[in-house]
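The values are calculated or read from the model by the stated rules, or taken from the named source; none is laboratory data. Note that this is a predicted model, so its numbers are computed, not measured. When we count neighbours, we look across all protein chains shown, and the Cβ atoms used for this are built from the backbone with ideal geometry, even at glycine.
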Amino acid sequence: MSARILITTDYLRPGDKVDRLLRMHGLDTIYSPSRGPRTHAERLSLFDGAAGAILASEPVTADMLAGAASLKVIARSGVGYDSIDIAAAQRHGMRVCNTPGVNHDAVAEMTIGLMVMAARSLPSVIQSVKNGHWPRSAGRELRGATLGIIGYGPSGRAVARLGCALGMTVIVSTSHPVPSDSAVRFTDLQTTISAADYLTLHTRSESSAPPLVDRSFLQAMKSTAILINTARGSLIDEGALADALSVGQIAGAALDVVQNEPLTASHRLRDMDNVLITSHLAGQTIEARDRAGIAAAHAVIDVLEGREPIHVVA
């Protein structure tokens, strides 16, 4: 009997490139797309009979892994892996892999797109035109503004390149500065927070750490600044952000990720005029999905065939 590979990434389908690649290596595929929270019973049985898994960003907890007797490898079809209990996977001898570098250009383009939308109030303008009006309010140009970037991995660097191309002053807070990148200025975190007109997050979120963006963080920002998050929802204290936006402590926010997805209908941020929220789409381009799916499949194949995968988390 062939080894079975569970696939929960919702854009991967039977018969696609990933499916064909796995089957070429003698593996069977089973699909259980991630489309929201699963019941307790569904979660506990998710990995039944699977030797490998290609996963979306849904939570993978210790109790789910405890019953996964045949599971040898988990591959995320994306960069983040904070949704997976890494310690539990290690206890059970499971390899955990991710696919960095497949979607950083897509994330960077989305980040700049959100900045333009916020700077020109495009969502409200578009809705107003649909409602029969013809608004002529003035927006702001990105050229000449200060772009602050927190984190300087592939996505942060890609955003920096685009910001420089647009004529922005780019400042970066990171524990891994790149001195050869002379077009940007590396500063400490507080300087980046306080100087940025547009402040974008591209750093990891540690599950045990409090949110990076808390009340004191928001108080240090310019009152005219826009906060952008295409990284991790857990980086932001959403209650503190809602309070800051409601009193004009900062001018606005553009969020592609939130703490709990999908965003609940009653969430405070949903009805705020100075907030743009998209549905975790930054890395979701056709090109990036192709790269992510194939990279995740290769990680699964490598582990099951006794090779060391390229990108190992644990």
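A few points about this structure:
- Test: Asp273 is under 19 Å from Val116 (Cα atoms), charged (D, E, K, R) and surrounded by fewer than 18 Cβ atoms within 10 Å (Cβ to Cβ): yes
- Filter pass, Ala242 being among the aliphatic types (A, V, I, L, M), touching a helix residue (DSSP H, G or I) at 6+ places or on another chain (Cβ under 6 Å) and surrounded by fewer than 22 Cβ atoms within 10 Å (Cβ to Cβ): yes
- Condition check for Val170: modelled with pLDDT of 95 or more, of a type in the set (Val, Ile, Thr) and surrounded by 13 or more Cβ atoms within 10 Å (Cβ to Cβ): yes
- Within region 245-269, the set of residues being at pLDDT below 95 and surrounded by 13 or more Cβ atoms within 10 Å (Cβ to Cβ) comprises Gln259, Glu261, Leu263.
- Filter result (of a type in the set (D, E, K, R) and within 30 Å of Asp290 (Cα to Cα)) within region 102-151: Asp105, Glu109
- Qualifying positions in region 217-250 - in contact with a strand residue (DSSP E or B) (Cβ under 7 Å, 6 or more places away or on another chain), outside any helix (DSSP H, G or I) and farther than 19 Å from Ser279 by Cβ: Met221, Ala225, Ile226, Asp237, Ile250
- Ser180 in the same structural domain as Met221 (by TED's automatic domain parsing) and free of Cβ contacts under 8 Å to residues at least 40 places away in the same chain: yes
- Beta carbons closer than 6 Å, at least 6 apart along the sequence or on distinct chains, pair a first residue in region 13-40 that is touching a residue at least 40 places away in the same chain (Cβ under 8 Å) with a second that is surrounded by 15 or more Cβ atoms within 10 Å (Cβ to Cβ) and among the β-branched types (Val, Ile, Thr) for Leu22/Ile5; Leu22/Thr29; His25/Ile301; Leu27/Ile5.
- Matching residues in region 152-166 - criterion: being outside any loop (DSSP other than H, G, I, E, B) and surrounded by 22 or more Cβ atoms within 10 Å (Cβ to Cβ): Ser155, Gly156, Val159, Ala160, Gly163
- Meets criteria (closer than 20 Å to Ala118 by Cβ and surrounded by fewer than 16 Cβ atoms within 10 Å (Cβ to Cβ)) for Thr224: yes
- When Ser121 is tested against (1) surrounded by fewer than 17 Cβ atoms within 10 Å (Cβ to Cβ); (2) without any contact (Cβ under 8 Å) to a residue 24 or more places away in the chain, exactly one condition is not met: (1).
- Some residue of region 167-178 being within 21 Å of Ala244 (Cα to Cα) and either in a loop (DSSP other than H, G, I, E, B) or within 20 Å of the chain's Cα centre (by Cα) (or both): no
- Per-region count, region 135-153, residues within 24 Å of Pro211 (Cα to Cα), free of Cβ contacts under 8 Å to residues at least 60 places away in the same chain and not small (Gly, Ala, Ser): 4
- Filter result for Ser83 (closer than 19 Å to Gly293 by Cβ, out of contact with any helix residue (DSSP H, G or I) (no Cβ under 9 Å at 6 or more places or on another chain) and either in contact (Cβ under 8 Å) with a residue 24 or more places away in the chain or in the same structural domain as His298 (by TED's automatic domain parsing) (or both)): yes
- Every test in (1) small (Gly, Ala, Ser); (2) closer than 19 Å to Pro59 by Cα; (3) in contact (Cβ under 8 Å) with a residue 40 or more places away in the chain is passed by Ser279 save one, and that test is (3).
- Any strands (runs of 3 or more DSSP E) falling wholly within region 2-69 and containing at least 1 residues that are over 27 Å from the mean Cα position of the chain (by Cα) and of a type outside the set (Asp, Glu): 4-7
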